[in-house]
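This report refers to the structure that appears directly beneath it.
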Amino acid sequence: MNKDKQARSISVTNGPSFLSTPDHSILDDLEVQGIEVEYHCREGFCGACRCKLISGEVDYTLDPLAFIDDDEILPCCTIPITDITLAI
């Protein structure tokens with residue numbers, strides 16, 4: 001878990017870069033920036049919000065049940081632990 005609660009850079013390919021908000025999911029941060037991401041459950045069950053993690057590392061706040069590939073994350077239940085780049 002991101003114990004130091006430090007804001008991290010989130011970059012979206014062909015989109016903006018911005019700072020994460022400690023204690024908020026990546027999905028929450030994307031929504032604050034006006035970036036539309038499809039989602040349904042917000043808890044890692046459905047997998048609708050999956051996106052590709054191009055670079056960086058994340059930590060899951062909940063264990064996801066949805067299937068994801070090795071290069072994918074579920075932004076609804078992750079926080080960045082390093083600066084990250086996403087393809088949405």
- request: Between beta-carbons, use under 12 Å as the cut-off and find the net charge around Glu72, counting Lys and Arg +1, Asp and Glu -1.
  value: -1
query: In a shell of Cβ-Cβ distance under 12 Å around Arg42, excluding Arg42 itself, what net charge do Lys and Arg (+1) and Asp and Glu (-1) give?
result: -4
query: In what sequence do Glu72, Glu38 fall when counting other Cβ within 10 Å, fewest first?
result: Glu38, Glu72
field: Exposure proxy order (Cβ contacts within 10 Å, fewest to most) of Cys49, Cys76, Cys41
entry: Cys41, Cys49, Cys76
task: Filter the chymotrypsin sites (Phe, Trp or Tyr not before Pro) in the range 4-88 down to the DSSP loop ones having no more than 14 other Cβ atoms within 10 Å, then list what survives.
output: Phe67
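Report the local net charge at Ser55: Lys and Arg +1, Asp and Glu -1, summed over other residues whose C-beta lies under 15 Å from its C-beta.
After counting each charged neighbour, the total is -3.
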statement: Treating only Lys and Arg (+1) and Asp and Glu (-1) as charged, each at its beta carbon, one finds that the range 9-87 has a dipole about its Cα centre, in Debye to the nearest 20, of 140 debye
task: Subtracting the Cα-Cα distance from 0.36 nm times the residue separation, let me have the gained length for Asp83 to Asp23 in nm, one decimal.
output: 20.1 nm
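Read-outs: derived from the displayed coordinates by stated rules, not from any lab. Being a predicted model, the structure only gives us computed values, none of them experimental. Cβ coordinates were reconstructed from backbone atoms using ideal geometry, including for glycine residues, and neighbour counts include every protein chain displayed.
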